[in-house]
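Read the structure below first, then the notes.
The values are calculated or read from the model by the stated rules, or taken from the named source; none is laboratory data. On a predicted model such as this, the values are computed, not experimentally measured, just so you know. Heads up, the Cβs are rebuilt from the backbone with ideal geometry, glycines too, and the neighbour counts pull from every protein chain shown. SASA here: full protein model, heavy atoms, side chains in, ligands and nucleic acids out. Shrake-Rupley method; radii C 1.70, N 1.55, O 1.52, S 1.80 Å.
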Amino acid sequence: QVQLAESGGGLVQPGGSLKLSCTASGLTLERYAVGWFRKEGEGVSCIWRGDGSTYYPDSTKGRFRISRDKANDAVYLQMNDLKPEDTGVYYCATFGGQSTVQEMCVRMLYDRWGQGTQVTVSS
């Protein structure tokens, strides 16, 4: 069975940092574009397949960074300078269709995602 799994969430104070991880069973993440998103709004960070181009909305640009670890077939989300409005359940998701990384992220064109990991930013 194909499954995605997120980990690394937790409670952090404003201005702190967290690193989330996304792994998969039953598929190879390197073959897919991958995005991180919350239930509300657009994706927070996305990375394309092949050329590895990335997209960040204004709300996360300069604070979040998405990357791949090809050796472990994992995708990470490094979150710095966290704000209370970053609070939420974070999901990683795959996309195997034709699009651009920006369109995929803004329109949330995902075909599979995991159960999520909770991120809480509070004093």
Extension gain, Asp69 back to Glu30 (0.36 nm per residue minus Cα-Cα distance, nm): 13.2 nm
Using a 10 Å cut-off on Cβ atoms, rank the peptides 21-31, 101-111 from the highest mean neighbour count down. 101-111, 21-31
A correct Karplus calculation of ³J(HN,Hα) over the stretch 25-34, with 6.51 cos²θ - 1.76 cosθ + 1.60, θ = phi - 60°, whole Hz and x for Gly and Pro, returns 10, x, 7, 9, 4, 4, 7, 10, 5, 10
Accessible surface of the chain, 1.4 Å probe, proportion on carbon and sulfur as whole %: 44
I'd like the Karplus ³J(HN,Hα) series for the stretch 9-16: coefficients 6.51, -1.76, 1.60, θ = phi - 60°, whole numbers in Hz, and an x wherever there's a Gly or Pro. x, x, 9, 9, 7, x, x, x
Whose amide H sits under 5 Å from the amide H of Val44, counting only residues 5 or more places off or on another chain, with H placed in the peptide plane? Trp36, Phe37, Arg38
More than 22 angstrom separation, counting every C-alpha pair in the chain; what % is that? 26
With the 1.4 Å probe rolled over protein heavy atoms, the chain has an accessible area per residue in Å² of 52
Step through the residues of the stretch 101-109 one at a time and calculate ³J(HN,Hα) from phi using the Karplus curve (6.51 cos²θ - 1.76 cosθ + 1.60, θ = phi - 60°), rounding each to whole Hz and writing x for Gly and Pro. 5, 5, 5, 4, 6, 5, 8, 6, 8
